[in-house]
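The values are calculated or read from the model by the stated rules, or taken from the named source; none is laboratory data. Being a predicted model, the structure only gives us computed values, none of them experimental. For neighbour counting, all protein chains shown are included, and Cβ atoms are generated from backbone atoms with ideal geometry for every residue, glycine included. Protein only, heavy atoms only, side chains kept; ligands, DNA and RNA dropped before computing areas. Shrake-Rupley method; radii C 1.70, N 1.55, O 1.52, S 1.80 Å.
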Amino acid sequence: MTTRRAAPKPPQIPSVAVCDLDALSPGHRAQLVEAGLDSLAPVECWAVEGTNAQNAYATHGLFRYFGKYPPPIGRKLILEHTAPGDLVLDPMCGSGTTGVEALLLGRRAALHDVSPLSAALARAKTTHVPLADSEAALAEIQARYSPATVDQYPVEPRGLRNPDHWFLPETADSLRGLHRAIAALPAGRPRALAEVAFLASIRRVSRATTQQGRLFLDVLSALPDAWPTFEGAMRRAMRAVDLIPDLDPLTISLHDARTPLPTSDPAELVILHPPYFNAYRYSRVNSLELAWTDTPPKALRTGEVREFFKVGKPENASLYADDMAVALACAADAARPGGVVAMMIGDARLKGALVPATRMILDRLRPEAGLSLVKVALRLPRHTEATWVASQRRNAGALGVQLCDYVLTFRKAGP
């Protein structure tokens, strides 16, 4: 791996405050006991310092990806368990948080996800683009941009039951015109960055609320002209990627985490942050963006972990745990002997009753995976507007309530 540009130190990177079990509140102790995680391994309490804005350092703020884990968690794991040049693997990379942190810390990274949206986000967030190049691309897009009807440019959102429900006709024409202008750019880093800025604009100009992962209609939020939103997203992205290290590209590919990963280059650290049971199904949460990437959301669902978004049946947790035990075993297979697998995961409550999804996964993990649980960290969210905890704020008696989640650290058996 050859460095062509010095990596600037990102400003104001929040830390992770750590305390031991003795410092936990009675409520948090009770949660660990109820979840069946209190006596499996040494327990710590982790809390990410800083605001949401401070946690959007580097390129982490290019796209509002609901439910992503806080970047300082990944940074802490990478610093504790790897050295510069080591390989970090993320088989459910989401928006690429692990890849960004690995890049900033001089590690190699391999990122995989079932969603092409995730692959595009991760690639853009970890790819340096000189500011002059992206400025030229933006100028060219602006010169070419004008709204376009579907007759003028036959591109439209695919896989949505009723696109008019989510987009004003004027908004759809504006997005179509932007799509046409971006597609006219030559293939390369500036165009890939513009495509992500376009994706980051879609929900903001749609009729969907931007404050929750789940899609709810918010007619007043719709914007007929997508250009100002796109230009703002593009300029923020341009400044961010200009400052990240200019390194050889990371390995990024489409992959179902429940199937074996390549093992020719075993990872020193595998970070796994799956969707949580009954919280998010990303083919639905990101359905507006996927529809404009020519990827019908339904096409991804067979490759997703069965998390049963919005379905209040506790018995479905068994299927979720089955899938996640397989994914965890596949992650272990991709780690080197003696390496570390870290999984950030959470439980759920259905109508007041705890669904101990985390313990269910552990109970299903086969011994031949060779993983030993060496630490349980209870994560205490302090700023939660874009986190899974916020997504669980529902009315009494409905699906889910506020819960802390966990970071489980495993050590793979040596040779």
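Considering Cα pairs under 8 angstrom that are at least six residues apart, work out the relative contact order of the chain and quote it in whole percent. Walk me through the numbers on the way to the answer.
Working: 855 pairs, mean separation 86.9, N = 415.
Relative contact order of the chain: 21 percent.
Could you tell me the center-to-center distance, by alpha carbons, between region 306-345 and region 88-129 in angstrom?
Their Cα centres are 20 Å away from one another.
Given axes a ≥ b ≥ c from the Cα gyration tensor, I'd like to know whether region 308-384 is rounded (a/c under 1.5), prolate (a/b larger than b/c) or oblate.
Numbers: a/c = 2.47, a/b = 1.48, b/c = 1.67.
Oblate, since a/c reaches 1.5 and b/c is not below a/b.
For the pair Asp20/Glu170, report the inter-label distance in nm, with labels modelled 7 Å from Cα in the Cβ direction.
Going by the 7 Å Cα→Cβ label model, 6.3 nm.
Which distance in Å, rounded to a whole number, links the C-alpha centroids of region 164-209 and region 10-79?
What the calculation gives is 34 Å, centre to centre.
Given the whole protein assembly as supplied and a 1.4 Å probe, what does the accessible area of Arg29 come to in Å², nearest 10?
90
Residue-wise, which Karplus ³J(HN,Hα) couplings in Hz belong to region 289-299, taking 6.51 cos²θ - 1.76 cosθ + 1.60, θ = phi - 60°, and x for glycine or proline?
5, 4, 4, 8, 9, 6, 10, x, x, 4, 5
Given contacts defined as C-alpha pairs under 8 Å and at least six residues apart, what's the relative contact order of region 7-165, whole-number percent?
On the way: 159 pairs, mean separation 27.5, N = 159.
Normalised by residue count, the contact order of region 7-165 is 17 percent.
Rounded to two decimals, what is the ratio between the C-alpha radius of gyration of region 237-306 and 2.2 N^0.38 Å? Intermediate results must be reported in sequence, preceding the final value.
Numbers: Rg = 15.8 Å, N = 70, 2.2 N^0.38 = 11.1 Å.
Normalised Cα radius of gyration, region 237-306: 1.43.
Give, in nm to one decimal, the length gained when the segment between Arg382 and Ala413 is fully stretched (0.36 nm per residue of separation minus the Cα-Cα distance). Spell out each step's value before the answer.
On the way: separation 31, 0.36 × 31 = 11.16 nm, distance 3.49 nm.
Length gained, Arg382 through Ala413: 7.7 nm.
Can you tell me the length gained on complete extension of the stretch Arg239 to Ala139, counting 0.36 nm per residue apart and subtracting the Cα distance? Each step should come with its number before you reach the end.
Values: separation 100, 0.36 × 100 = 36.00 nm, distance 1.52 nm.
Once the chain is fully extended between Arg239 and Ala139, it gains 34.5 nm.
What accessible area per residue, rounded to a whole number of Å², is obtained for the chain using a probe radius of 1.4 Å? Kindly include the intermediate steps, with their values, before the conclusion.
Details: 16860 Å² over 415 residues.
Spelled out: the 1.4 Å probe surface of the chain, per residue, equals 41 Å².
Which of the trypsin sites (Lys or Arg not before Pro) found in region 126-167 are in a DSSP loop and have at most 12 neighbouring Cβ atoms, other than their own, within 10 Å?
Values: sites: Arg144, Arg158, Arg161; in loops: Arg158, Arg161.
Hits after loop and neighbour filter: Arg161.
Is region 168-227 best put as rounded, prolate or oblate by its Cα gyration tensor, with a ≥ b ≥ c the root eigenvalues, rounded for a/c under 1.5, and otherwise prolate when a/b is larger than b/c, oblate when not? Let's see the in-between values first.
Working: a/c = 3.77, a/b = 1.76, b/c = 2.14.
Oblate shape, in that a/c is at least 1.5 and b/c is the bigger or equal ratio.
When the accessible area of region 281-335 is split by element with a 1.4 Å probe, what percent falls to carbon and sulfur?
Numbers: 1000 of 1930 Å².
Taking all protein chains in place, region 281-335 shows 52 percent carbon and sulfur surface.
Please list His179, His60, His165 from largest to smallest accessible area, probe radius 1.4 Å, with all protein chains kept in place. Don't skip to the end; give the middle numbers.
Numbers: His179 50, His60 0, His165 70 Å².
Reading off the accessible areas and sorting them downward yields His165, His179, His60.
Please find the FRET efficiency linking Thr263 to Ser318, where r is the Cβ-Cβ separation and R0 is fixed at 30 Å, and quote it to the nearest 0.05.
Details: r = 29 Å, r/R0 = 0.96.
Efficiency computed from Cβ-Cβ geometry: 0.55.
How many nm is it between the label spots at Ala30 and Gln12, if each spot is 7 Å from the Cα in line with the beta carbon?
3.7
How big is Rg to Rh over the chain, alpha-carbon atoms, Rh as the Kirkwood inverse-mean-distance radius?
Numbers: Rg = 21.2 Å, Rh = 22.0 Å.
Taking Rh as the inverse mean 1/r over Cα pairs, Rg/Rh reads 0.96.
What do you get for the angle between helix 169-183 and the principal long axis of the chain? Use alpha-carbon atoms, 0 to 90 degrees, nearest ten.
Between helix and principal axis, roughly 90 degrees.
Per DSSP helix of 4 or more residues, -39500 (n - 2.57); summed, then divided by the residues of the chain. What does that give at 222 nm, rounded to the nearest 500? Before the final figure, lay out each step's value.
Working: 14 runs with 143 residues, N = 415.
Per the formula, -10000 deg cm²/dmol.
Could you work out the relative contact order of region 204-353, using alpha carbon pairs under 8 angstrom and six or more residues apart, expressed as a whole percent? Walk me through the numbers before you get to the answer.
On the way: 163 pairs, mean separation 42.7, N = 150.
Rounded, it is 28 percent for region 204-353.
May I ask you to compute the full-extension gain from Lys351 to Ala299, defined as 0.36 nm times their residue separation minus their alpha-carbon distance, rounded to one decimal in nm?
Numbers: separation 52, 0.36 × 52 = 18.72 nm, distance 3.11 nm.
The span from Lys351 to Ala299 would gain 15.6 nm if fully extended.
Label-point separation (nm) for Ala132 and Ala187, each offset 7 Å from Cα along Cα-to-Cβ?
2.6
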